[in-house]
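The values are calculated or read from the model by the stated rules, or taken from the named source; none is laboratory data. Everything numeric here is computed off the predicted structure, so don't read it as measured data. Reconstructed Cβ throughout: ideal geometry from the backbone, glycine too, with neighbour counts over all protein chains shown. Side chains are part of the model used for accessible areas, which takes the heavy atoms of the whole protein and leaves out ligands, DNA and RNA. Shrake-Rupley method; radii C 1.70, N 1.55, O 1.52, S 1.80 Å.
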Amino acid sequence: MLDIVILKRETEGYKSVYSFLHSVLAQPFPHPGETMKVSSMVEVKEKFVLKRYSLTRLENNYEHLEYVSFITLFQCMKIPQILNIFECLLVENRIIVVAKEISVLSHCVNALYAMTYPFVWQHVFIPILPKKLMEYCTAPMPFLIGIPASSLSDLLKLPLEEVLIVDLDNGKFIREPDEMNEVLPPSLKSRLLKNFTKFKNLKDRSEFDKQVATQFLQFFAEVFYEYQKFINPEDHKFSFDKHVAAPELSADYKKFLNAFSASQMFSVWKRSREQLSRDGMLDQCILIKTPVKPGIHRKLGRKIRRISSHLKIDKDENV
């Protein structure tokens, strides 16, 4: 759809873009694999012509990567630093990203935004902030903002509070919050670090992006494993407290869930899951459809393996 908008803007003008987008917004959002038919009026030689378009939503787990790539971010920053930024995003810290090249800045800020999929950043999001609007960085609410390196000196003169400033050109943090939030369960953080390290040298850009996206998606699928059990089938309310109190959840998972549940992105996601339940479409949730390896996400699985290791079975015994 973005390609159509760009083409219309360049060849037909903003009125045509407005007409097209107005027609798109009048349609219900398509399900994965579904095609949406859109018609809009275009002025051609003082006559109005009706143009028709077919827009098909991708039927896979990577539609959010259509205009996003993680590779530049991983080239600029070390993997532990990226995981630190991920944690800051999850607890909705203020984050400012700095780079000399606009293309690098844009790619990396958009990659950070995509890391939390299927959760969506709900606060101020500006991939490239103009210098004249630099005071936005003093706002008291959470934000994810990119600024050109030429504006860095002006930025550092401002009264910034509890902000993470990421320097992409030098691969470091210029400033950190007083307390960097380490909320990821250690076992999952260690696995993300190990898996990212394993395929960081992949040559295929598309495959690299899919691998990174898959790791973040599996992280959320594991943390919210079988969350649908805690959605009441009668009133469709998500009993999050019961989910956190589940006896098979380890203390690290509970700590993460309690911290993450305070975020706006979780609140919006929770309401959307309840609506999916009312519509009878909860099985379409990507976290439910994403496979999770059994026995690695809960302390219950570890207990089973420990018990099994102490069992001795005679090879000649029929069992």
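Residues in region 192-203 that are without any contact (Cβ under 8 Å) to a residue 12 or more places away in the chain, surrounded by 13 or more Cβ atoms within 10 Å (Cβ to Cβ) and part of a helix (DSSP H, G or I): none. Annotation: D154 fulfils all but one of (1) modelled with pLDDT of 95 or more; (2) in a helix (DSSP H, G or I); the unmet one is (1). If you check S272, S239 for being touching a helix residue (DSSP H, G or I) at 6+ places or on another chain (Cβ under 8 Å), surrounded by fewer than 16 Cβ atoms within 10 Å (Cβ to Cβ) and at pLDDT 50 or above, only one passes: S239. When the residues of region 209-236 are filtered to those that are in a loop (DSSP other than H, G, I, E, B) and not acidic (D, E), which remaining residue is surrounded by the most Cβ atoms within 10 Å (Cβ to Cβ)? Ranking the candidates gives F224 first. Among the residues making up region 8-27, those that are among the polar types (S, T, N, Q) and open to solvent by 60 Å² or more (accessible area, probe 1.4 Å) are T11, Q27.
Taking the stated definitions as given, is I71 surrounded by fewer than 19 Cβ atoms within 10 Å (Cβ to Cβ) and either polar (S, T, N, Q) or modelled with pLDDT under 95 (or both)?
Details: surrounded by fewer than 19 Cβ atoms within 10 Å (Cβ to Cβ): yes; either polar (S, T, N, Q) or modelled with pLDDT under 95 (or both): yes.
Judged against the criteria, I71 is a match.
For S206, the requirement of being open to solvent by 10 Å² or more (accessible area, probe 1.4 Å) and either more than 18 Å from the chain's Cα centre (by Cα) or in contact (Cβ under 8 Å) with a residue 40 or more places away in the chain (or both) is not met. The set of residues in region 252-269 that are under 17 Å from L188 (Cβ atoms) and open to solvent by 80 Å² or more (accessible area, probe 1.4 Å) comprises K255, N258.
Being at pLDDT below 80, of a type in the set (D, E, K, R) and more than 29 Å from the chain's Cα centre (by Cα) is true for just one of E43, E63, E59. Which residue is that? I'd like the intermediate steps shown before the answer.
On the way: E63 fails: more than 29 Å from the chain's Cα centre (by Cα); E59 fails: more than 29 Å from the chain's Cα centre (by Cα).
Result of the check over E43, E63, E59: E43.
Considering the conditions (1) open to solvent by 20 Å² or more (accessible area, probe 1.4 Å); (2) of a type outside the set (V, I, T); (3) modelled with pLDDT of 90 or more; (4) out of contact with any Asp or Glu (no Cβ under 9 Å at 6 or more places or on another chain), P186 is excluded by exactly one of them, (4).
Yes/no per residue for (1) part of a helix (DSSP H, G or I); (2) touching a helix residue (DSSP H, G or I) at 6+ places or on another chain (Cβ under 7 Å); (3) crowded, with 22+ Cβ neighbours inside 10 Å; (4) in contact (Cβ under 8 Å) with a residue 24 or more places away in the chain:
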{"position": "C88", "(1), (2), (3), (4)": "yes, no, yes, yes"}
{"position": "V97", "(1), (2), (3), (4)": "no, yes, yes, yes"}
{"position": "H107", "(1), (2), (3), (4)": "yes, yes, yes, yes"}
{"position": "L112", "(1), (2), (3), (4)": "yes, yes, yes, yes"}
{"position": "P118", "(1), (2), (3), (4)": "no, yes, no, yes"}
{"position": "F125", "(1), (2), (3), (4)": "no, yes, no, no"}
{"position": "K132", "(1), (2), (3), (4)": "yes, no, no, no"}
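Entry remark, region 145-176: residues being surrounded by fewer than 17 Cβ atoms within 10 Å (Cβ to Cβ), among the acidic types (D, E) and under 20 Å from C108 (Cβ atoms) number 2 in total.
Here E101 clears all of (1) touching an Asp or Glu at 6+ places or on another chain (Cβ under 9 Å); (2) open to solvent by less than 40 Å² (accessible area, probe 1.4 Å); (3) of a type outside the set (S, T, N, Q) except the condition numbered (2).
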